[in-house]
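S.K.: Questions regarding the structure given below will be posed in turn.
The values are calculated or read from the model by the stated rules, or taken from the named source; none is laboratory data. Not measured: the values here are computed from a predicted model. For neighbour counting, all protein chains shown are included, and Cβ atoms are generated from backbone atoms with ideal geometry for every residue, glycine included. Quick note on the areas: whole protein, heavy atoms, side chains included, nothing else; ligands and nucleic acids left out. Shrake-Rupley method; radii C 1.70, N 1.55, O 1.52, S 1.80 Å.
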Amino acid sequence: MAINIEGLSFHYGAGKNVKQILDDINLTVEPGQITAIVGQTGSGKSTLVQHLNALLLPSGGQVVVGDQVVTSKTKEKALGPVRAQVGMVFQFPENQLFASTVLEDVMYGPKNFGKNDEEAEALAKKALIQVGLKEEFWQHSPFDLSGGQMRRVALAGVLAMDPQAMVFDEPAAGLDPKGQEELLDLLQELKAAQKTVVLISHQMDQVLALADQVVVMQDGRVAAIEAPDQLFLRDRQWFLDHALDLPEPVAFAKDLEDHGYHFDHLPKSVADLAEQIKVQVN
Amino acid sequence: MTNAITINNLTYGYPDQDPLFHDFDLEVQEGQWLSIVGHNGSGKSTLAKLILGLLEANSGTISIFGQQLTVETLAEARAQVGMVFQNPDNQFVGATVADDVAFGLENRQVPSEEMPKMIEAALKQVGMADFADREPHTLSGGQKQRVALASVLALKPKVIILDEATAMLDPAGKSAVLQTLKDLKNQYQDQLTLIVITHDMAEAALADRVVVINDGQLAFDERPQDLFVQGQALKELGLDQPFESQLAQALPKAPNQYLTKQELAAWLSTLKD
Amino acid sequence: SLSIQQLVLLAVLMALSLVIGKFSVMLTPTIKISFVFLASSLMGRFFGPIWTMLVMVLLDFVNVTFFVAHGAWSPIMAFGVVLAGLIYGGFFYQQPLTKTVHWGKILVAVLLITFVVNFLVNTFALMVMYSPQHSWSVFSAMLSARLPKQLIFFPIQLILTYLVLNNRIVTQIGQQFFAPQRKETAQADSIQTKA
Amino acid sequence: VIGQFIPGKAWLYRVDPRTKILVTVVYVFLLIFANTWPAYALATLFLALTLVLTGQSLGLYWRGIKPVMWLIIFTVCLQLFFTGGTPVLFHWQFLKITLPGLINALYVVLRFVLIVLMSTALTLTTPPTAIASAIESLLKPLKAIKVPVAELALMLSIALRFVPLLMLETDKVMKAQKSRGMSLSTGSLIKRSKAVLPLLIPLFIGALQRALDLANAMEVRGFESADNRTRYRVLSFSKQDLVAALGTGLFVLLFIGLLWIN
């Protein structure tokens, strides 16, 4: 399912105190792909993604989710179907857990969107298996689990709604290396299952490894929309200007270019970089 | 050289669980920069809480500058050891930056008229002097953590423990906090002992010595450069190898020792024909 | 006297009370419901009548000056708050925390709060503050205007109070503030590392 | 705008918060007894002077009053229709507007606006920290009857510091649950009220967890008890406070005089 953002602007306040957060955003989130949104803190990333499932309504322009159009005038009642199609995983999503058992918490979303108890339970169980939470924990209180397990329960709570698209805001924040790796695997599984994925991330290595398309935000505007192997070809100064890091293999490759090395294509990983170096040394 | 912290035969476990630490020993010399790394749940944060007396050991001893930690010596120990926690929001006591730095001074009963210059000095050290009147929710995570550092510095501690202090920060915030740490270490040299608990290897690389904790055991205790070359072992402990050592290992004929990125690039430049 | 943990817990409950006071749900086009009573009930459950009363009086003052737009501090309203604090603390306080607060207790407490404090005392305070005429007829007119809201509010407060006071997770975490000897459980540590 | 501190340098900002609180309380208390036009005129004059001394634009106060309009209108209607007396100005079915009713309604609006604006002037010019210190200082005499003043004041300042944080948290949890289909506007009354639990329970739990963390942070920074501490913010009376006290005294005397004449 594609999501089209057309001429989107968003501001708070009125009169003299207007604060423009987003300005004339145009982009298409391609179906079945992973779109990464990057940019420094305060560039408008989080505000932008909250328009994808109508948590915020545009001040101007429109957001088209599948066949539904969301504008500033869309009524509250019409927003439910949009939210059912676009799941949203906030930063530190474990803070939204509330139920007395894991299973009950995961069933909350599907039940709200009209599933009966049996259907909701089936969806919840499927989601819990997908995030790799062992069955022995399903009847536990989510608050008896470790931080990493709670994160999985929260993810399952959104997966269980079986949305067409999913938005993740810094999903790996605070996880240790193993937890991060498992999460990235999950994103790739979702893509393999034809889901549309939107990912906010500060970690450019992840972006390079995962994304099909990268949206760079700066001061509430889109500064670039490109495939990662295009984007990271830009020169260092551009990344400094946009307060972005480079993925480590790319940054190192650029260093080596100053020493006479040449790279045919952007190194996607350490192994890729090593291969390209090997053929150039004697 | 004196020991800032000495831990002997420490045993600790949470109620109803297997002991997390069993006969655990660790010495930290004065003026050292030590990193403690381990995956989530390995017990590294628990260790920090034990050192500051927020948790009580089941048996064994912890000494701060030779003074054994007991209920009676707790206040004295805390006067020498400061701590910055993981969540920037949950350690900010004051309603403004200056009030937050003042909190510790108020507890130590520093006279009111002496506080402003002490607060200003502490904020200057972390580069936050211009933010004295700001409220916490108007600051970024990195700025809040620097204020937390200032609050600790104002109390003139000999040891500062940072418990995953950069884990919740974005890259810009993280590097600002790390730069502040480097500046402090440069300024105080041997007068300041730093203990940085982290699972970020780039952060651990700044230390003189790295200790890896796994299931309450000391898995490694080495210089960072000696640790980073052990790829598979780190992976088994749920840790990452820094980029530069990963790359060095993937290259044939790389020197069998740790090279920083600059050193690695310099070495590669000699190979280019 | 309170331990540090308890002091901070009460402070955070005060903050919750102020924050919840800023939100309300429209039940009918004319009746808005606020859920501040849940914060007050938890204070009562954890800290008993005296602390709850003191804190609620202080909150009332801060609330009218800072947080809610309508009006100013009134001694009669404050008297109602004293009563409310004593009721919440008197009926809901119990140790150990794991014990369920009984339906009956909640029923009586909520009855008293709804009809004595909110209905009688507060209406009287409103009359004294905002009506130039202080007569029985004005009072009864105001009472009848405020009755429907109390009738709707009563069952809602009753049910929500029961569910929140006896919420297993809330009481479980709450217990950690009252551990006899200051020792955290594994729960606290997983929060720290997770955060 | 109401309840918000806006930094500034005008005269009222330099008055001690204790003075401002006391003046506000006295003013609101006196208004309860106002029942003639001259009394209201005097009270309005005093308020106008206070507002000028805040150095803020009048538009700001207008924007502050607007959101409470519905409450004012409700109160006015109550007065209009439920005050008896003669002469009757308007009569339709059971609705009846009388002259005393009309006058009462006007008084009510005026009193309401005066009270709201006076407390706005207080909060606009006084940061929350100063209010907390002022309350502690004003309550000190209560220590004699064992009221834990220092603890209450410390808790208040911690609470005020947590409010903005918990507001953000509430917004986040609300959005997260909305994304999972939470709706507060459908179903029976009871169902709709129960629907707030997925919002409130995480909020309570999150706050409790923060409290555990914060207690640790306070403990390692040497906190032992609320009493044996020095203070960074020290309040002191100055020339402005004397002027404010004299001005208020004059107002009180004139006001009582007017009531007495009546």
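S.K.: Could you pull out every whole DSSP H run in chain D that spans at least 20 Å of Cα extent along its own axis and averages -0.5 or higher on the Kyte-Doolittle scale? Don't skip to the end; give the middle numbers.
M.R.: Details: long enough: D:17-31 (21 Å, 1.52); D:37-54 (26 Å, 1.73); D:99-125 (39 Å, 1.86); D:149-179 (44 Å, 0.82); D:197-220 (35 Å, 1.23); D:239-261 (33 Å, 1.72).
Helix filter hits for chain D: D:17-31, D:37-54, D:99-125, D:149-179, D:197-220, D:239-261.
S.K.: Below 8 Å, C-alpha to C-alpha, sequence gap of six or more: please give me the relative contact order for region B:28-153 in percent.
M.R.: Relative contact order for region B:28-153 comes out at 23 percent.
S.K.: Let me ask something else about it. Please list the three semi-axes, largest first and in whole Å, of the ellipsoid equivalent to region B:1-103, using sqrt of 5 times the eigenvalues of its alpha carbon gyration tensor. All intermediate terms of the calculation are to be shown ahead of the outcome.
M.R.: Working: eigenvalues 119, 67, 40 Å².
Output for region B:1-103: semi-axes of 24, 18, 14 Å.
S.K.: Still on this model: Take peptide A:173-184, look around each residue's Cβ out to 10 angstrom, count Cβ atoms belonging to other protein chains, and average those counts.
M.R.: Mean number of neighbouring Cβ atoms from other chains: 5.
S.K.: Would you please calculate the Kirkwood hydrodynamic radius of chain A over all C-alpha pairs and express it in Å, rounded to one decimal? Mind showing how you got there, number by number?
M.R.: On the way: mean 1/r = 0.0495 Å⁻¹.
Roughly 20.2 Å, rounded to one decimal.
S.K.: Can you find, among B:T61, B:F24, B:L50, the residue farthest towards the positive end of the dipole of region B:1-122? Put +1 on the C-beta of Lys and Arg, -1 on that of Asp and Glu.
M.R.: B:F24
S.K.: As I understand it, the dipole of region A:175-282 uses +1 on the Cβ of Lys and Arg and -1 on the Cβ of Asp and Glu, about the Cα centre. Which of A:Q203, A:V279, A:G220 lies farthest toward its positive end?
M.R.: Positive-end residue among those listed: A:G220.
S.K.: Which percent of the accessible heavy-atom area of region D:1-113 goes to carbon and sulfur, probe 1.4 angstrom?
M.R.: The nonpolar share, carbon plus sulfur, comes to 76 percent.
S.K.: Quick check: the angle from helix A:248-257's long axis to the longest principal axis of chain A, C-alpha only, nearest 10 degrees?
M.R.: The angle comes out at about 10 degrees.
S.K.: For chain B, what does the relative contact order come out to in percent, with C-alpha contacts under 8 Å and a separation of six or more?
M.R.: On the way: 480 pairs, mean separation 62.8, N = 273.
Relative contact order for chain B comes out at 23 percent.
S.K.: Give the residue from A:Q164, A:G66, A:V89 lying farthest towards the positive end of the charge dipole for region A:47-167; charges sit on Cβ (+1 for Lys and Arg, -1 for Asp and Glu) and the dipole is referred to the Cα centre.
M.R.: Going by the charge dipole, the pick is A:G66.
S.K.: Return the whole-Å distance between the Cα centroid of region C:107-166 and the Cα centroid of region B:74-142.
M.R.: 45 Å
S.K.: Okay, moving on. Per-residue HN-Hα couplings for region C:49-64, Karplus 6.51 cos²θ - 1.76 cosθ + 1.60 at θ = phi - 60°, whole Hz, x for Gly and Pro?
M.R.: Along region C:49-64, the couplings run x, 5, 4, 4, 5, 4, 5, 5, 5, 4, 4, 4, 5, 5, 4, 6 Hz.
S.K.: Ranking request for peptides C:5-17, D:203-215: highest mean number of other beta-carbon atoms within 10 Å first, then the rest in descending order. If you can, show how the numbers build up before the last one.
M.R.: Details: C:5-17: 25.7, D:203-215: 23.7.
Descending packing order for the listed peptides: C:5-17, D:203-215.
S.K.: If you don't mind, there's one more thing I want to ask. Please state the Cα pair-distance histogram of chain D with 10 angstrom bins from zero: what percent is in each bin?
M.R.: Percent of Cα pairs in each bin: 6, 20, 24, 24, 18, 7, 1, 0.
S.K.: Given Cβ point charges of +1 (Lys, Arg) and -1 (Asp, Glu) and nothing else, what value in debye, to the nearest 20, does the dipole of chain B about its Cα centre take?
M.R.: Working: 20 positive and 36 negative charges, 129 e Å.
The calculation lands at about 620 debye.
S.K.: Based on alpha-carbon positions alone, could you give the equivalent ellipsoid semi-axes of the protein assembly as shown from the gyration tensor, as √(5λ), descending, whole Å? Could you put the intermediate results ahead of the total?
M.R.: Working: eigenvalues 554, 236, 162 Å².
Largest first, the protein assembly as shown gives 53, 34, 28 Å.
S.K.: Can you give the accessible area buried between chains B and A, summed over both chains, with a 1.4 Å probe, in Å² to the nearest 100?
M.R.: Working: alone 13770 and 13960 Å², together 25390 Å².
Rounded to the nearest hundred, the buried surface is 2300 Å².
S.K.: Could you work out the relative contact order of chain A? I mean the mean sequence separation of Cα pairs under 8 Å and 6+ apart, divided by the number of residues, in percent. Let's see the in-between values first.
M.R.: Numbers: 497 pairs, mean separation 64.3, N = 282.
Normalised by residue count, the contact order of chain A is 23 percent.
S.K.: Can I ask one more? Can you quote the Å³ per residue value for the convex hull of the Cα atoms in region C:23-63, rounded to an integer?
M.R.: Numbers: hull volume 3.1 nm³, N = 41.
Per residue, the Cα convex hull of region C:23-63 comes to 76 Å³.
S.K.: Looking at this model, which pairs from D:K66/D:K172; C:K32/D:K66; A:K125/B:K174; A:K125/D:K191; A:K115/D:K194 are more than 30 angstrom apart at the alpha-carbon?
M.R.: A:K125/B:K174
S.K.: When you look at the Cβ of every residue in B:131-138, what mean number of other chain Cβ atoms sits within 10 Å? Mind showing how you got there, number by number?
M.R.: Details: counts 0, 0, 2, 0, 7, 4, 7, 1.
Other-chain Cβ atoms within 10 Å of each residue's Cβ, averaged: 3.
S.K.: Mind listing which chymotrypsin sites (Phe, Trp or Tyr not before Pro) in region D:33-142 are in a DSSP loop and have 10 or fewer other Cβ atoms within 10 Å?
M.R.: The qualifying sites are D:F94.
S.K.: Keeping all protein chains in place and using 1.4 angstrom, which order do A:E118, A:E257 fall into by accessible surface area, from largest down? Don't jump to the answer; show the numbers that get you there.
M.R.: Numbers: A:E118 155, A:E257 90 Å².
These residues rank, largest area first, as A:E118, A:E257.
S.K.: Taking 1 over the mean of 1/r across every pair of different Cα atoms in region C:75-138, what Kirkwood radius in Å do you get?
M.R.: Mean inverse Cα-Cα distance, inverted, gives 13.2 Å.
S.K.: Then there is this: In sequence order, what are the phi-derived ³J(HN,Hα) couplings for region B:162-170 according to the Karplus relation 6.51 cos²θ - 1.76 cosθ + 1.60 with θ = phi - 60°, rounded to whole Hz, with x for glycine and proline?
M.R.: With coefficients 6.51, -1.76 and 1.60, one gets 10, 9, 6, 5, 10, 4, 9, 9, 7 Hz.
S.K.: A further question on this structure: Amide H to amide H, which residues 5 or more places from B:Y14 or on other chains are under 5 Å from it, using H placed in the peptide plane?
M.R.: B:L20
S.K.: Tell me, what is the 1.4 Å probe accessible area of A:W138, in Å² to the nearest 10?
M.R.: Estimated to the nearest 10 Å², A:W138 gives 20 Å².
S.K.: Something else now. For helix A:117-130, what angle does its Cα long axis make with the longest principal axis of chain A, in degrees from 0 to 90 and rounded to 10?
M.R.: The angle comes out at about 20 degrees.
S.K.: OK, next. Can you list residues whose amide H is under 5 Å from A:L246's amide H, if they're 5+ apart or on another chain and H is modeled 1.01 Å from N?
M.R.: HN-HN under 5 Å from A:L246: empty list.
S.K.: Then there's this: Give me the 1.4 Å probe accessible area per residue for the protein assembly as shown, excluding ligands and nucleic acids, in Å². Don't jump to the answer; show the numbers that get you there.
M.R.: Details: 41050 Å² over 1012 residues.
Accessible area per residue, the protein assembly as shown: 41 Å².
S.K.: Then there is this: Take the cross-link list A:K45/A:K195; B:K44/B:K144; A:K134/B:K49; A:K126/A:K268; A:K195/D:K178 and give me the ones stretching past 28 Å between alpha-carbons. Numbers along the way, then the final one.
M.R.: Details: A:K45/A:K195 21 Å; B:K44/B:K144 23 Å; A:K134/B:K49 30 Å; A:K126/A:K268 33 Å; A:K195/D:K178 21 Å.
Violating the 28 Å limit, Cα to Cα: A:K134/B:K49; A:K126/A:K268.
S.K.: Separate question: Under the rule of at least 5 residues apart or a separate chain, name every residue whose amide H is placed under 5 Å from the amide H of B:W33.
M.R.: Distant-sequence amide H within range of B:W33: B:L194, B:D208, B:R209.
S.K.: May I pose another question? Shielding by partners for D:165-172, please: the mean number of other protein chain Cβ atoms within 10 Å of each residue's Cβ.
M.R.: Numbers: counts 7, 7, 6, 3, 4, 5, 1, 6.
Average per residue, whole number: 5.
S.K.: Still on this structure, please answer the following. Compute, for chain A, the length of the dipole vector about the Cα centre, with Cβ point charges of +1 (Lys, Arg) and -1 (Asp, Glu) only. Units Debye, rounded to 20. Please list the in-between numbers first.
M.R.: Numbers: 23 positive and 39 negative charges, 196 e Å.
So the dipole magnitude of chain A works out to roughly 940 debye.
S.K.: Determine the order of B:E164, A:E6, A:E226 by accessible area, beginning with the largest, at a probe radius of 1.4 Å.
M.R.: Numbers: B:E164 15, A:E6 75, A:E226 50 Å².
Sorted by accessible area, descending: A:E6, A:E226, B:E164.
S.K.: Tally up the carbon and sulfur contribution to the accessible surface of region B:92-235 as a whole percent, 1.4 Å probe, everything protein left in place. Walk me through the intermediate numbers first.
M.R.: On the way: 2510 of 5400 Å².
Carbon and sulfur together cover 46 percent of it.
S.K.: Something else: Can you pull out the buried accessible area for chains D and B, both sides counted, probe 1.4 Å, rounded to the nearest 100 Å²?
M.R.: Protein heavy atoms only, the D-B interface buries about 2800 Å².
S.K.: Turning to a different aspect of this structure: Please give the total accessible area that chains D and C bury against each other, computed with a 1.4 Å probe and expressed in Å² to the nearest 100. Write down the numbers at each step before the final one.
M.R.: Values: alone 17210 and 11070 Å², together 21890 Å².
Chain pair D/C: roughly 6400 Å² of buried accessible area.
S.K.: On the Cα set of region D:1-70, report Rg and Dmax in Å, please.
M.R.: Just the Cα atoms of region D:1-70 yield Rg and Dmax of 13.4, 36 Å.
S.K.: Further, regarding this structure: Show me C:73-85, A:164-176 ranked by packing, highest mean number of other Cβ atoms within 10 Å first. Please report the intermediate quantities before stating the final value.
M.R.: Numbers: C:73-85: 19.6, A:164-176: 22.2.
Packing order, densest peptide first, comes out as A:164-176, C:73-85.
S.K.: To continue, here is another question. I'd like the carbon and sulfur percentage of the solvent accessible area for chain C, probe radius 1.4 Å, heavy atoms only, ligands and nucleic acids excluded. Could you put the intermediate results ahead of the total?
M.R.: Numbers: 4810 of 6940 Å².
The computed percentage sits at 69.
S.K.: Now, a different point. Work out the length of the dipole vector of chain D about its Cα centre, built from +1 on the beta-carbon of each Lys and Arg and -1 on the beta-carbon of each Asp and Glu, and round it to the nearest 20 debye.
M.R.: Rounded to the nearest 20 debye, it is 540 debye.
S.K.: For chain C, take the longest principal axis of its alpha carbons; what is the angle in degrees between that and the long axis of helix C:136-165, to the nearest 10 within 0 to 90?
M.R.: Once rounded, one gets 20 degrees.
S.K.: To continue, here is another question. How do the peptides D:228-241, D:127-140 rank, highest first, by the average count of neighbouring beta carbon atoms within 10 Å per residue? Mind dumping the intermediate values first?
M.R.: Working: D:228-241: 14.6, D:127-140: 20.1.
Final packing ranking: D:127-140, D:228-241.
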